[in-house]
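Report on one structure; see the data block that follows.
The values are calculated or read from the model by the stated rules, or taken from the named source; none is laboratory data. Remember, predicted model here, so these are calculated numbers, not experimental data. Here the Cβ positions follow ideal geometry from the backbone for every residue, glycine too, while neighbour counts run over all protein chains shown. Keep in mind that these areas ignore ligands, DNA and RNA; they rest on the heavy atoms of the full protein, side chains included. Shrake-Rupley method; radii C 1.70, N 1.55, O 1.52, S 1.80 Å.
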Amino acid sequence: YYLLSVVVLGIAAFVIGGIALWLLWPAVSLFLVALNYVYLGSAGFQKRANGEMSIAAKWLYFPYLVGAYVNSRFWTRKEPKSVPICDGVHLGRMPTRHDIKTIGFNAVVDLTAEFNKTYNGIDWHAIPNLDLLVPSKADLLKAVRLIMQLEQKGTTLVTCALGYSRSALTIMAWLLLTKRAKTMDEAISLVQAQR
């Protein structure tokens with residue numbers, strides 16, 4: 001879909017011309033996203049462990065990032081922004097500054113590759129993963145260890161774009177590895193009961 005969008009936007013830009021040449025920016029942005037899925041992986045978004053994307057990535061991906069943000073808000077518009085799972089660990093979509101301040105999170109474990117961190121005044125940890133792909137075992141274990149460390153400090157949000165896949169899988173791994181759930185079915189039920 002990304003490459004098809006690149007072709008459509010590129011053709012429109014050159015056929016219409018003039019002001020429509022601005023369509024090349026989203027075309028380049030979507031081409032880079034496609035390249036990430038095919039070759040570069042999550043590293044293509046240039047997101048650091050502290051949740052910050054490089055300035056170049058923010059500008060190059062800006063059209064895609066706007067679309068991804070709108071999409072995330074559309075799909076979660078009728079859902080709670082985050083939900084408590086247990087022992088101060090919450091599961092939810094990428095928070096806004098207001099969400100962080102309202103709930104009073106002490107830390108965030110961010111599994112998105114495509115979003116820049118939204119708030120500087122918090123203990124933010126990013127383990128970048130591409131949307132709709134299963135995180136590696138190494139990334140899941142790293143995230144679980146982080147959650148275990150951070151839960152001692154207070155309320156922790158485990159997040160991805162929607163709070164449904166990457167973050168939910170991480171929460172289930174945390175529940176299993178910390179023996180809060182005895183089976184995968186129990187971990188799934190605990191998460192589904194909340195989100």
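List of remarks:
- Residue 114 passes every criterion in (1) within 17 Å of the chain's Cα centre (by Cα); (2) in a loop (DSSP other than H, G, I, E, B); (3) modelled with pLDDT under 95; (4) not aliphatic (A, V, I, L, M) apart from (3).
- Those residues of region 145-156 which are open to solvent by 20 Å² or more (accessible area, probe 1.4 Å) and in contact with a Phe, Trp or Tyr (Cβ under 6 Å, 6 or more places away or on another chain), in sequence order: 155
- Test: residue in region 169-176 that is open to solvent by 20 Å² or more (accessible area, probe 1.4 Å), at negative phi and outside any helix (DSSP H, G or I): no
- Residue in region 117-143 that is modelled with the lowest pLDDT, counting only those that are of a type in the set (Asp, Glu) and either surrounded by 21 or more Cβ atoms within 10 Å (Cβ to Cβ) or not in a strand (DSSP E or B) (or both): 131
- Filter result for residue 159 (among the polar types (S, T, N, Q), assigned to a helix (DSSP H, G or I) and open to solvent by less than 20 Å² (accessible area, probe 1.4 Å)): no
- Residue count for region 85-104, restricted to those that are open to solvent by less than 20 Å² (accessible area, probe 1.4 Å) and within 16 Å of residue 171 (Cα to Cα): 4
- Candidate set: region 36-53, residues that are open to solvent by 60 Å² or more (accessible area, probe 1.4 Å) and not charged (D, E, K, R); chosen: the one farthest from residue 134 (Cα to Cα): 50
- Taken together, the residues in region 54-84 that are open to solvent by less than 70 Å² (accessible area, probe 1.4 Å), among the hydrophobic types (A, V, I, L, M, F, W, C) and not in a strand (DSSP E or B) amount to 5.
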